Amino acid sequence: MKKLFIILITVLAITSCETEALDPGLNPTTGGTGGGNVDATLLVGNWLYTDVETNTTTTTTVSGTPVSITASVEYVSSNAIMTFNADGTYAITGDLEFEVINQGVSQGNQTNTFNDAGTYTVTGDILRFNSASPNNVTPFDDTTTLTISTLNATDLSIDVNGLSTQTTGGASIEILIDGFADFQRQ
């Protein structure tokens, strides 16, 4: 459960729901169900985390009785850099500090130290990561949908939406995450 909490906090650190108008870096989709086709060449470079917000609801059901807990994460500071390379590889290093609010009460500030690398793909406006470092936690897990909502020469915004379900010790656990992460080109 402790590892699940660490992974949840990591996902929370980069995630909230935000709606923005299409940016010149996004082209309208041509008949698909997605929101747009992203010019992935615009991703190449170094990006500094500049904002992060998430809202997470964890519902645990035991013997048919659900109990929900809400948490959110709000950005404090960062020196974490996400690097996208033209060959489809990525790396993220640095620290991201955020405040954790659980059931409306601040739990104080926490820091995630990122040191991860792997590959990435962009399909339409969906970004996917595949970590090459099995012992490192990538800031995004594979139950999360990452949608590029803004991408231009200076700004990158990623909407993060996730739903994961687990069964442990006879209990069912559902984790729903809505959030965003903003970056600025360095």
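Report yes if some residue within the range 76-92 is surrounded by 12 or more Cβ atoms within 10 Å (Cβ to Cβ), touching a strand residue (DSSP E or B) at 6+ places or on another chain (Cβ under 9 Å) and farther than 16 Å from Trp47 by Cα; otherwise report no. Don't jump to the end; show me each part of the working.
Pass one, the range 76-92, residues surrounded by 12 or more Cβ atoms within 10 Å (Cβ to Cβ): 76-78, 80-85, 88-92.
Those still in the list that are touching a strand residue (DSSP E or B) at 6+ places or on another chain (Cβ under 9 Å) too: 76-78, 80-85, 88-92.
Still in the list and also farther than 16 Å from Trp47 by Cα: 76.
Looking for residues that are surrounded by 12 or more Cβ atoms within 10 Å (Cβ to Cβ), touching a strand residue (DSSP E or B) at 6+ places or on another chain (Cβ under 9 Å) and farther than 16 Å from Trp47 by Cα, one finds at least one in the range 76-92, hence yes.
Looking only at the range 154-168, how many residues end up being modelled with pLDDT under 95 and within 13 Å of Leu42 (Cα to Cα)?
Qualifying residue count for the region: 0.
Six or more apart or on different chains, Cβ under 6 Å: which pairs go from a residue in the range 24-52 that's modelled with pLDDT of 95 or more to one that's β-branched (Val, Ile, Thr) and not in a loop (DSSP other than H, G, I, E, B)? Could you list them?
What qualifies is Asn46/Ile81; Asn46/Thr83; Leu48/Ile81.
Would you check which residues across the range 169-186 are more than 19 Å from Leu42 (Cα to Cα), in contact (Cβ under 8 Å) with a residue 60 or more places away in the chain and of a type outside the set (A, V, I, L, M, F, W, C) and list them?
Gly170, Ser172, Glu174, Asp178, Gly179
Which one of Leu176, Leu127, Leu146 is under 15 Å from the mean Cα position of the chain (by Cα) and open to solvent by 40 Å² or more (accessible area, probe 1.4 Å)?
Working: Leu127 fails: open to solvent by 40 Å² or more (accessible area, probe 1.4 Å); Leu146 fails: open to solvent by 40 Å² or more (accessible area, probe 1.4 Å).
The match here is Leu176.
Which condition number in (1) buried (at least 22 other Cβ atoms within 10 Å of the Cβ); (2) not in a strand (DSSP E or B) is the one that Ala153 fails?
Going through the list (1) buried (at least 22 other Cβ atoms within 10 Å of the Cβ); (2) not in a strand (DSSP E or B), Ala153 breaks only (1).
Within the range 160-173, work out how many residues are aliphatic (A, V, I, L, M) and buried (at least 16 other Cβ atoms within 10 Å of the Cβ). Explain how you work it out, then say what you get.
Filtering the range 160-173 for residues aliphatic (A, V, I, L, M) gives 160, 163, 171, 173.
Add one more test, that the residue is buried (at least 16 other Cβ atoms within 10 Å of the Cβ), and what stays is 160, 173.
Of the residues in that region, 2 qualify.
The values are calculated or read from the model by the stated rules, or taken from the named source; none is laboratory data. From a predicted model like this one, the values you see are computed outputs, not experimental measurements. Every residue, glycine as well, gets a Cβ built from its backbone with ideal geometry; the counts of neighbours run over all protein chains shown. Just so you know, the surface numbers come from the protein's heavy atoms only, side chains and all, with ligands and any DNA or RNA stripped out. Shrake-Rupley method; radii C 1.70, N 1.55, O 1.52, S 1.80 Å.
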